[in-house]
Amino acid sequence: MRTKEGQVEEIIKGVGISKGYAIGKHYHFEKQKIAISEESISEDKVAEGINFCKNTIDSYIEELELVESSSGEAKAISEAHIQMLSDPYFFSCIEGKIREDLKNAELAIYETCKEMAEVMASLDDLYLKEREADYRDIGESLVYKLRGLEKKSLSALPDKVIVACQDLSPTDALKIDNTKVLGFVTEKGSKTSHTAIIAQNLSIPAVSGIENLSESLKTCQSLIVNGYEGIIIIDPDEDTLEAYRKKIEDEREKKHRLESIKGKKAVTKDGKEIRVGANIGNLEDLSDALKNACDGVGLFRTEMLYMKSQALPSEEDQFAYYKKAGQLLDGKELIIRTLDIGGDKGVDYLQIPKEDNPFLGYRAIRLCLDRPDIFKAQLRAILRASALGNIKIMLPYLISLEEIRQVKKFLEEIKSDLDREKIAYDKDIEVGIMVETPAAVIMADKFAEEVDFFSIGTNDLTQYILAADRGNTKIVSIYNPYNPAVLRAIKYVIDQSHKKGKWTGMCGAFASDPDATRLLVGLGLDEFSLSASKISEIKSIIINSSYEEEREFANRVINLSTVAEVEDLVRENNKKACF
Ligand code: PEP
Ligand code: MG
């Protein structure tokens, strides 16, 4: 069908990187391309060139320190960039290019950032790979500064618009005026990019992967972004517009309803209280979690602290960090997961040799037990912080009782040291484990006797039960927590913990899937831990469900044989729910 202006509606498929719908006019955000000067400098200009770079970097750091952040992720970006800019190695590369190769300041900066970006891009580690964009971004910003040019930014947009661009750099994303941006459409950008994370945090719908964007939007009068399905609709006709206006209205109502949930306890209609905590990786995430009225933190991924540092964080640094988190939570539970490095998460300074099967290799608790120097420093920092907050310890990737007992031995040794040194700690600190391996499931009855709680890590558990790599996009349909094998494992673990008077939470991504909430309530889960933005939605589903009804439903599900049967029954059950 044609629009009033006679254009034909066109749907283009991309990748949805942030959920939601937007209708509006597009605004093409394109930055001025700068041709880098290749001119060499004379020897007598070397000191001047180095000084020029130093002053430019310092002034950029000052600018970043002043950035008013609208989300935790924005703050994390500016802090990460400050850290990268302050790295002595970074500056020594620039200096070397000027001093030894007589390169001019902008060429030295441009080449250094490009080389650093290329190194990052070549790494296997997904987290470090994303740093490629940060180095390119830093290079671009510094060159603009050297030239005294103002970088076009998203902080002063003319009107409410859908921003269309090749790619958003992390600092573009940082300066977004979210009262003016209705949505994003980009050519590049993955689901884990800064753009995606910021868009998600600000609840701005976004679609990436739209090729030849400027060509496609050349004559576009109006645009729809559908971040759920990862499509954009160019010049939608009246019927489509009407349908999308309705979707936006429904979303607004839902948001309003969820706002009213904030701060309420998640108690089912028949009185079972279930905690809904947050997963965090740093203090910025914690501030998002607190804004979303989390009941506590069910998973603090401490490896993030190790990954962003250039060397092992000291006991003192960790103590300050955990103490701060505990204090911010003000009595609410903080479950600190001990170092879960290895597998997909590496840190260069540990120099872990390359492995053929890193997901089955030297990682998490295995590494920690092999490196008591690292592990004991962390345990000691956690114990010290436990005097000042409601802190619990959680161990990742367990497969045996021996591992649990060895950790307990370490804890006893550290506790005696602390007693001797008259340093306070929580003498009854609870110690739990993540259930992420088939061994932990099969041994759940025995493990439950030795630990205070379980938290099911469905991201890894699904991977190991189904022998399906969690990061392989070719087998996403196989990697599915609705597989009855995974559901039976979940039920078994919860039942075993309850038999021994212990509780079970879930901190894998399955806990944040609203379609799974009723089923998990029925399976008897005691705590959900998930990303901050999902807290109210999951609480709302729990509040509107009945434990007894969902228990009966879960018993039916657990007896099904195929994924399709499970998904059909879950869909049917969710449809019945009216809230
Ligand atoms: C999990 O495996 O479900 C989990 C929460 O741990 P991570 O995603 O950090 O491996
Ligand atoms: Mg895991």
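The values are calculated or read from the model by the stated rules, or taken from the named source; none is laboratory data. Everything numeric here is computed off the predicted structure, so don't read it as measured data. Heads up, the Cβs are rebuilt from the backbone with ideal geometry, glycines too, and the neighbour counts pull from every protein chain shown. Just the protein is used for accessible areas: all its heavy atoms, side chains included, with ligands, DNA and RNA removed. Shrake-Rupley method; radii C 1.70, N 1.55, O 1.52, S 1.80 Å.
Remarks
- Solvent-accessible area per residue in the chain equals 46 Å², computed with a 1.4 angstrom probe and all protein chains kept.
- Computed as a quarter of the hull surface, the mean projected area of the alpha carbon convex hull for segment 355-418 stands at 4.8 nm².
- Relative frequency of Cα-Cα separations exceeding 28 Å in segment 7-146, percent: 32
- Sparsely packed GluC sites (Glu not before Pro) within segment 350-409, loop by DSSP, other Cβ within 10 Å at most 13: 355
- Per-q log10 I(q)/I(0), segment 211-315, q = 0.10, 0.14, 0.22 Å⁻¹ (Debye; single scatterer per alpha-carbon; no solvent): -0.60, -0.86, -1.12
- Accessible-area composition of segment 304-394, carbon plus sulfur, in percent [1.4 Å probe]: 50
- Legend: P(r) of segment 370-457 from all alpha carbon pair distances, 5 Å bins from 0, whole percents, reading 3, 14, 25, 22, 18, 12, 4, 1, 0.
- Heavy-atom accessible area order for 256, 498, 81, 26, largest first, 1.4 Å probe: 256, 498, 26, 81
- Note on segment 74-139: Kirkwood radius taken over Cα pairs, Stokes-Einstein applied at 25 °C and 0.890 mPa s, translational D equal to 201 µm² s⁻¹.
- Cα-based Rg of segment 443-543 normalised by 2.2 N^0.38 Å, two decimals: 1.07
- Antiparallel DSSP beta bridges within the chain, as percent of all bridges there, nearest 5: 35
- Note on segment 294-347: Cα-only Rg and Dmax are 12.0, 34 Å.
- Overall, segment 366-441 carries a charge dipole of about 140 debye about its Cα centre when +1 sits on the Cβ of Lys and Arg and -1 on the Cβ of Asp and Glu, all other atoms neutral.
- The chain, Rg to Rh (Cα coordinates; Rh as Kirkwood inverse mean 1/r): 0.99
- Cα-only Debye scattering, segment 529-571: base-10 log of I(q)/I(0) at q = 0.17, 0.29, 0.31, 0.32 Å⁻¹: -0.63, -0.93, -0.96, -0.98
- Summary value for segment 39-166: 26 percent relative contact order, contacts being C-alpha pairs under 8 angstrom separated by 6+ residues.
- Looking at segment 189-323 alone, DSSP beta bridges between its own residues are antiparallel in about 60 percent of cases.
- In the assembled protein chains, residue 169 presents an accessible area of approximately 20 Å² (probe radius 1.4 Å).
- Between segment 256-326 and segment 530-579, the alpha-carbon center distance in angstrom: 24
- Using alpha carbons only, the radius of gyration of segment 274-365 set against its Kirkwood radius gives Rg/Rh = 1.03.
- Estimated dipole of segment 288-436 in Debye, rounded to 20 [Cβ of Lys and Arg +1, of Asp and Glu -1, Cα centre]: 220
- Of the residues 490, 407, 279, the one whose Cα sits farthest towards the positive end of the charge dipole of the chain is 490 (charges of +1 on Lys and Arg Cβ, -1 on Asp and Glu Cβ, taken about the Cα centre).
- Normalised by residue number, the volume inside the convex hull of the Cα atoms of segment 413-502 is 115 Å³ per residue.
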